[in-house]
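Please find one structure pasted underneath; my questions will follow.
The values are calculated or read from the model by the stated rules, or taken from the named source; none is laboratory data. Since this is a predicted model, take the numbers as computed values, not measurements. Cβ coordinates were reconstructed from backbone atoms using ideal geometry, including for glycine residues, and neighbour counts include every protein chain displayed.
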Amino acid sequence: MDYTEIRGEAVNESIYNKRLNNGLEVFFMPKKGYSKQYAIFATKFGSNDLKFKKLHDKEVIEVPEGIAHFLEHKLFEEPNGNAFDRFAPLGANVNAYTNFNITAYYFTSTDNFYENLKNLIEFVQQPYFTDENVEKEKGIITQEIKMYQDNPQWRVIFNFLKAMYHQHPVRKDIAGTVESIGKTTKEDLYKCFNTFYHPSNMILLVSGDLKKEEVFSRVEEFFDDEKPMEPAKLVRYYPDEPSHVKNQYIEDNLYVSTPMFYLGYKRIPKAAEENQISLLKEEAMLKILLDMIFHKATDLYQGLYNEGLIDQSFYADYVCEPDYGHSIISGESKDPQRVKETINKWILSLKKNGLKEEDFIRVKRKQIGENISHYNSIEYVGNTFASYHFKNLNFLDYINILKAVRFEEVQQQLKNHFNEERQVLSIIKPLDRSSNIDN
Amino acid sequence: MLDIVSDKMNNGLNIHTINTDKFKTNLINIYFKRPLLPQEVTFNALLPKVLQRGSKNYDTSQKIAKKLDYLYGSSLGADVGKKGERHITLYSLNTVGLKYIDDGDLLKESMELLNELLFEPLVEESGFKAEYVKQEKVNLENKIKGRLNDKNRYSYERCIEEMCRNENFRLYEHGLLKDIEAINEKNLFNHYKNAILTSPIDIVVVGSIPHEHVKKYMIDSLKLQQSNVIAIEDDKLISRQGSVYEVNEEMEINQGKLSLGYRTNISYKDTLYPALMLYSSILGGGPHSKLFTKVREERSLCYYVYSKIEKFKSLMLISSGIEVDKADETKQVIQQQLEEIKKGNITENELINGKKALITAIQALGDSPAAMAEYTYSQIVGNHIITPDELIKKINATDIDEVVAVSEKIQLDTIYFLKGSGKGGNS
């Protein structure tokens, strides 16, 4: 059979790939000795996709916020019950998630794999939306939204994004608002489904102790993949996003014990001619850099910790998408402003004195080890591989890119990335009444 | 499915190895068992925080962190938790498998670090380093106060706290605010000296190292010197006293959190225990369950609703996030589902789905080192060992009559409602 092998030598894994006639990319990662099988069927359609059209259509479609997530909920609906009923008798756990860029449906099973896989492929391709069942879902999603409104970790992130971005839809809540959910109709849902759930805009990834020939032949059979299909050509509209931040500071009050903060820097706009591989490299360089400055082993962390300004929840990370990107430095602190001031002073002195190569070597080893460890989890690798694939990146390659990063490149990122004008601080403060609670 | 080799080393020390080469890592979990008592819960909670700050040869957490990073990101964590009225401290070392990296001494050096942390503490004037104790007391205080940040979990735990108000199980695993002040570098060190010698210890290793090597590694690298190891009381069954206890608490949040606490009156050693697991699976163990179907799908009352068994304490909790004014309706629908099961109104599908969900979860344990270690320890700690395969057999053999028999034993004890006042900020 004509599949190709994507080899991950450093982690001793392989992923096999085949593109079906209908345009769907199918991937299989064998996991010998695993009891679980896992399959994820995902579309490149997330909460950011609010304005779009098919290439040859005239009409530009605009949809209410939160629609990708609403659609995700509703695809589980079937004429006679819901998709959960298909999987439950087979012992499989089926679920789905929506983020800014993708919607993914997945299951884990320990038995009846192909029957489950068939179910997954079927239910995701068979919408059944009625006015009544769309209405019913609004109550459930409203409770989901309210749950997140009470979740300080969630709120501190979304406020951060609202302050960082002027226009880009990443500043909007993934689930939308109670109002936007209220406006959503079954026609909106069908429009989105018909646009984004085309096989050429989706991927299917399977993992487990399975035979690759059988995986591919069964998938072809389930898709009835005989005739070539015209790939979906989509145009997505994202508003122009200025390079500066909208607000440098944002705060909110919630029922919490200690202030929580999210601090970060907006990425410098990327030059258009840069090719895609640089996105993996950007991520690897920035993640090394952030660990070199903010990880537990650093002087900055230790200083802040010893002053009682941070605790073990403190961490840094980098978000790297084709159309937006930013660093995150997050934690809990009695005085987030002072954390920010300390960080800014520290970065100024680093810029003057430079980074240390021994820190670079140590952090690289740490991240190599962490990357290898991730391969214990078929769900983690499956999800990550899928989201990288939609950015035209190969997750198996990340470790090689990471190994190849040079110290000088990280030094250069230090100069570029940390610009106080592109810095945002989001704080969730305790309500007056929740700051002093006796337990 | 799980190939476990266990060895009793001496009084109170057991080593258990699960040997498999399918993972990229080696996991070493060391469990210290203490009784859950008001006089020591806060000491137990603070101790790992202080030990992680520095040891004799690595006197700052920075030195420890640097070493761990250099060892290809080995992680060395500590956590405390409750298993019934036992207070468990877990020290967990996770290292990358030697065949993936070019550092043959990785495991040896990681083990040395683990030994340092546990058995070679940083001592100044016959106590821990005062500065570290002082700082970690503040962190512990923040941790305890921070309990209310996660409303879902807070409501779940508060329900248990209220239900078990006259039992030690009420104690929060991270300790009591009021007891922090009296702890100092001397009395904490005395507690350490006692606990490190007298606590029953179980070491669970999951990875590619064969048992005999594991044993040798542990004996050679850890300074284990146990003596006068304490006995820990067995779990007791406690039934509801008096009528249903209702507790309302108000908070400025958007969503109300309802938690119902039940006494199952079924011990994990009881032959009926697998039927209790099945009962909870059918009632609220996932999208196949009655609660999900009735409370969420049919009435749109919530986004999440589930039931969960507290194995060692013989409790069952039901938890859901709802509109404040829908509390009565939700309680009523939940109650109806319990009644349905009691009447034997369980369809063949519900029975099968309930079983399958449990079985898949048990089979999947084998694909996660941490889950395997945790399952293993959960068997050991109650001194009632059922292998995953046996448990699956028992669940498969359970019939509707046994599930109904569970219904006859379960009593609603406490209703806890965290009332939102709808002022939880704007969105």
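Taking B:THR293 as the residue in question, decide whether it is hydroxyl-bearing (Ser, Thr, Tyr), over 25 Å from B:ILE266 (Cβ atoms) and more than 8 Å from chain A (Cβ to nearest Cβ).
So B:THR293 fails the test.
For the range A:107-123, what are the residues that are outside any helix (DSSP H, G or I) and either farther than 21 Å from B:LYS355 by Cα or free of Cβ contacts under 8 Å to residues at least 40 places away in the same chain (or both)?
Hits for the range A:107-123 are A:ASP111, A:ASN112.
Hey, another quick one. Of the residues that make up the range A:381-402, is at least one in a helix (DSSP H, G or I), touching a helix residue (DSSP H, G or I) at 6+ places or on another chain (Cβ under 7 Å) and of a type in the set (Lys, Arg)?
Within the range A:381-402, not a single residue is in a helix (DSSP H, G or I), touching a helix residue (DSSP H, G or I) at 6+ places or on another chain (Cβ under 7 Å) and of a type in the set (Lys, Arg).
Then there's this: Determine, yes or no, whether B:LEU106 is under 21 Å from the mean Cα position of the chain (by Cα) and either more than 29 Å from B:GLY127 (Cα to Cα) or away from chain A (no Cβ under 11 Å) (or both).
no
Okay, next question. Applying the selection to the range A:1-33, what residues are within 14 Å of chain B (Cβ to nearest Cβ), assigned to a strand (DSSP E or B) and either more than 27 Å from B:ALA364 (Cβ to Cβ) or of a type in the set (A, V, I, L, M) (or both)? If you could, list the steps in order and put the result at the bottom.
To start, the set of residues in the range A:1-33 that are within 14 Å of chain B (Cβ to nearest Cβ) comprises A:8-13, A:29-33.
This time we only want the ones that are assigned to a strand (DSSP E or B), so: A:8, A:13, A:29-30.
Correct list: A:MET29 only.
Let me ask something else about it. Within the range B:5-42, track down each residue that is crowded, with 19+ Cβ neighbours inside 10 Å, more than 14 Å from chain A (Cβ to nearest Cβ) and more than 22 Å from B:ILE196 (Cβ to Cβ).
B:THR17
Can you name every residue in the range B:295-313 that is of a type in the set (Lys, Arg) and either outside any loop (DSSP other than H, G, I, E, B) or buried (at least 21 other Cβ atoms within 10 Å of the Cβ) (or both)? Can you show your working first?
Going residue by residue through the range B:295-313, those that are of a type in the set (Lys, Arg) are B:296, B:299, B:308, B:311, B:313.
Once the filter is applied, which keeps residues that are of a type in the set (Lys, Arg) and either outside any loop (DSSP other than H, G, I, E, B) or buried (at least 21 other Cβ atoms within 10 Å of the Cβ) (or both), the range B:295-313 yields B:ARG296, B:LYS308, B:LYS311, B:LYS313.
Return the only residue of A:GLU283, A:GLU251 being surrounded by fewer than 17 Cβ atoms within 10 Å (Cβ to Cβ) and at pLDDT 95 or above.
A:GLU251
Results for (1) in a helix (DSSP H, G or I); (2) buried (at least 21 other Cβ atoms within 10 Å of the Cβ); (3) on the phi > 0 side of the Ramachandran plot, shown as yes or no for each residue.
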{"site": "A:ASN133", "(1), (2), (3)": "yes, no, no"}
{"site": "A:ILE140", "(1), (2), (3)": "yes, no, no"}
{"site": "A:ILE145", "(1), (2), (3)": "yes, yes, no"}
{"site": "A:GLN153", "(1), (2), (3)": "yes, no, no"}
{"site": "A:ALA163", "(1), (2), (3)": "yes, yes, no"}
{"site": "A:GLN167", "(1), (2), (3)": "no, no, no"}
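Looking at A:GLU213, A:GLU241, can you tell me which residue is out of contact with any Ser or Thr (no Cβ under 8 Å at 6 or more places or on another chain), among the acidic types (Asp, Glu), surrounded by 16 or more Cβ atoms within 10 Å (Cβ to Cβ) and outside the structural domain of A:LEU263 (by TED's automatic domain parsing)?
Numbers: A:GLU213 fails: surrounded by 16 or more Cβ atoms within 10 Å (Cβ to Cβ).
The match here is A:GLU241.
State whether the residues of the range B:269-281 include one that is closer than 30 Å to A:GLY81 by Cα and within 14 Å of another protein chain (Cβ to nearest Cβ).
yes
Next up: Looking at the range B:273-289, can you tell me whether even one residue there is more than 22 Å from A:ASN116 (Cα to Cα) and surrounded by fewer than 19 Cβ atoms within 10 Å (Cβ to Cβ)?
Residues of the range B:273-289 that are more than 22 Å from A:ASN116 (Cα to Cα), as a first pass: B:273-280, B:283-284.
Still in the list and also surrounded by fewer than 19 Cβ atoms within 10 Å (Cβ to Cβ): none.
No, that holds for no residue.
Kindly indicate the residue of the range B:330-355 that is within 12 Å of chain A (Cβ to nearest Cβ) and touching a residue at least 24 places away in the same chain (Cβ under 8 Å) and also farthest from B:LYS294 (Cα to Cα) among those meeting that condition.
This residue is B:LYS355.
Determine which single condition B:ALA231 fails, assuming it passes every other condition in (1) in contact (Cβ under 8 Å) with a residue 24 or more places away in the chain; (2) out of contact with any Lys or Arg (no Cβ under 7 Å at 6 or more places or on another chain).
Result: B:ALA231 passes all but (1).
Does B:VAL403 meet the test of being away from chain A (no Cβ under 14 Å) and modelled with pLDDT under 95?
no
When A:LYS403 is evaluated against the numbered criteria (1) over 21 Å from A:LYS296 (Cβ atoms); (2) touching a strand residue (DSSP E or B) at 6+ places or on another chain (Cβ under 9 Å), which criterion, by number, is the only one it fails?
Answer for A:LYS403: the failing condition is (2).
A further question follows. What do you reckon, is A:GLY182 surrounded by fewer than 17 Cβ atoms within 10 Å (Cβ to Cβ), at pLDDT 95 or above and within 14 Å of chain B (Cβ to nearest Cβ)?
Here the answer is yes, as A:GLY182 does meet what is asked.
For (1) under 30 Å from A:PHE395 (Cα atoms); (2) within 14 Å of another protein chain (Cβ to nearest Cβ); (3) in contact with a Pro (Cβ under 8 Å, 6 or more places away or on another chain); (4) polar (S, T, N, Q), each residue gets a yes or a no:
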| residue | (1), (2), (3), (4) |
| --- | --- |
| A:TRP346 | no, no, no, no |
| A:SER349 | no, no, no, yes |
| A:GLU357 | yes, yes, no, no |
| A:ILE361 | yes, yes, no, no |
| A:LYS366 | yes, yes, no, no |
| A:GLY369 | yes, yes, no, no |
| A:SER373 | yes, yes, no, yes |
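Find the residue count for the range B:60-94, including only residues that are more than 8 Å from every other protein chain (Cβ to nearest Cβ) and outside any helix (DSSP H, G or I).
Number satisfying all stated conditions: 19.
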